[in-house]
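I have placed the structure first, in the form of structure tokens, so that the comments after it can refer back to it.
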Amino acid sequence: MRTALSAALLCTLALFAAPAAQAGLFDKNPDQVAQEAVTKNLRAVTLWVDASWGFRNQGAANTLSRAHQAFTTRGYNVVSVEPYIENGDLQGFFVTYQRP
């Protein structure tokens, strides 16, 4: 009984902790990520562009445009833009940039 209660408590804590950890990832704007890539002298960077909140078509397109601009001004080129679809719904894009 005690083990089951401990397991249930750990699962509940994990559910509440996961959104907080994910929020940090999604709160960064493309300009911040591009600047961090330059600061860390990264040759390639993959960025997640979320399309599941707000307007899926225009919101994601605007974010992709801002990301492309942020990385291009810092000397990176777009290598790939891969959509991620789950259960038939567009969730977002994995975008990879690379320095020549």
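The values are calculated or read from the model by the stated rules, or taken from the named source; none is laboratory data. Keep in mind it's a predicted model, so treat the numbers as computed, not measured. Heads up, the Cβs are rebuilt from the backbone with ideal geometry, glycines too, and the neighbour counts pull from every protein chain shown. Areas reflect the complete protein model, heavy atoms only, side chains present, ligands, DNA and RNA absent. Shrake-Rupley method; radii C 1.70, N 1.55, O 1.52, S 1.80 Å.
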- Those residues of segment 26-45 that are touching a residue at least 12 places away in the same chain (Cβ under 8 Å) and part of a helix (DSSP H, G or I) come to a total of 8
- Message: Between a residue in segment 79-100 that is over 16 Å from Ser52 (Cα atoms) and open to solvent by 70 Å² or more (accessible area, probe 1.4 Å) and any residue that is part of a strand (DSSP E or B) and not basic (Lys, Arg), which pairs come within a Cβ distance under 8 Å, given they are 6 or more apart or on different chains?
- Response: Val79/Ala44; Val79/Thr96; Val79/Tyr97; Val79/Gln98; Pro100/Asn77
- Task: Select from segment 46-92 the residues that are in contact with a Ser or Thr (Cβ under 7 Å, 6 or more places away or on another chain) and either part of a helix (DSSP H, G or I) or among the small types (Gly, Ala, Ser) (or both) and write down the one among them that is modelled with the highest pLDDT.
- Result: Ser80
